[in-house]
Each structure stands twice: as structure tokens, then as C-alpha cells.
1. Work from the charge dipole of the chain (Cβ charges, +1 for Lys and Arg, -1 for Asp and Glu, about the Cα centre) and give the residue of T129, S94, A141 farthest towards its positive end.
2. K2 to A171: extension gain in nm, 0.36 nm per residue of separation minus the Cα-Cα distance?
3. Tell me, W115, W57, W5 in order of fewest to most beta-carbon neighbours within 10 Å?
4. Just subtract the alpha-carbon distance of A42 and L67 from 0.36 nm times their residue separation and send over the number in nm, one decimal.
5. Please work out how much length the chain gains when fully extended from N136 to V10, using 0.36 nm per residue of separation minus the C-alpha to C-alpha distance, in nm with one decimal.
6. With contacts defined as alpha carbon pairs under 8 Å and 6 or more residues apart, what's the relative contact order of the chain in percent?
7. Could you tell me the distance between the Cα centroids of region 136-179 and region 51-78, to the nearest Å?
8. Taking 7 Å along the Cα-to-C-beta vector as the label spot, tell me the L92-D60 distance in nanometres, rounded to one decimal.
Amino acid sequence: MKWVWITLGVVVTLGLLVVVVGALLPVKHQAACRAVLRQPAAAVFAAITDAANFPSWRKDLQAVEPLPDQAGRRCYREQSKFGPIDLRVEELVSDRKLVTRVVTEGSPFGGTWTWRLEPRGGGTDVTVTENGEVHNLVFRALARFVFGHTATLRSVLKALGENFGELVEIAPGSPDPAPPAAP
């Protein structure tokens, strides 16, 4: 019986430690990754803006459905095993830039993803910057020390390369400045 109490005490202590560490970390973070694709910017831009076809190359998504526009901006819902995430297109510059914002009500996380495309020879240098916010204390600690803030960025860039039949090298990117606050 003594070992049960010791084990329970260790588990509770670790849980409290994770919550305290999460509370000490900043809510906002910035992370960026980059990859070079052999595709022209127009082809890459078409892939990252065609939300309806994301599930065909992003294996983390089960479905994507359109939502009503917000303030004249296109919105859609990504459905994954973690639940739905509602996104709004904040900025769209053909073949150059895409900014999306998480707009899910009550989400434990939020922020923007900025995709920047730079033509390089016949290919494209793709940089994705996450200006994120993690509101949940446990998830904040885990995102910082276990998963890393670049895990999803890296996964999506890898999937984008595979969509074009390429194995891409993911490198740290130079982050973009934070986009303006949501209206």
C-alpha cells in the first residue's frame, strides 16, 4: 500500500510541476521552418490555398469544410483526430504570401500561420511562421518542452513536399513579424 501512495504522490507532484512551468512560460511564441521545393511558386500557392484538397496531402486531416465568411474573409474548418479548428484567411498575395488565423471559439491555442513563398530558380523557398498563443497551461508546457513549437510546421512542410513527390529538408526559418491583431 505504501508504494501506491508514493506513486500517487509522484504523479500529483509531476502534474503540479507541469502546471507551474506552464504558468511561468509566455502565452505567445514564434516559430518558423523553411523548405525548398522544386515546384514553381504558383503550384505551391495553389496547394496551400486549396483548403478543400488539404486532406489529400495532409494525412493529419480527416476533412475540411467551408464556413461562412467573416468580414469578407474566407473561413474553413479543419477536422483532425484532435477535433475541429476554424481558420480565417487574413491575407492573400497571389503566389507570394498566405496568412491564416485560428478563430475557433474557446480554443486552447490560437494565432496565425504566415506562408511566404520566394521563387528560387525553377523552385520555391517556402517559409512558414507561426505566431502562436497557447492558453492551456499543461499544453503550453508540453508544447515548449515535449512536442516543440515547430512539430506541426515541420509535419505540414514535409507533407507539402510529399504532395509534389519530393523529400524536403526542413530547416529553421527566419520568422516574419507578427501580423496585425484580429479585428
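1. Among T129, S94, A141, the one farthest towards the positive end of the dipole of the chain is A141.
2. Numbers: separation 169, 0.36 × 169 = 60.84 nm, distance 4.93 nm.
Extra length available between K2 and A171 comes to 55.9 nm.
3. Values: W115 22, W57 16, W5 9.
Sorted ascending by nearby Cβ count, the order is W5, W57, W115.
4. On the way: separation 25, 0.36 × 25 = 9.00 nm, distance 2.50 nm.
In short, 6.5 nm is gained.
5. Numbers: separation 126, 0.36 × 126 = 45.36 nm, distance 2.21 nm.
Answer, rounded to one decimal: 43.1 nm.
6. On the way: 329 pairs, mean separation 51.6, N = 183.
Relative CO of the chain lands at 28 percent.
7. First find each Cα centre; the distance between them is then 19 Å.
8. About 2.3 nm separates the two model spin labels.
Taken together, the values in this text are just the output of simple stated rules run on the coordinates, not laboratory data. As the structure is a prediction and not an experimental result, all values here were calculated from the model. Neighbour counts run over all protein chains shown; Cβ positions are idealised from the backbone, glycine included.
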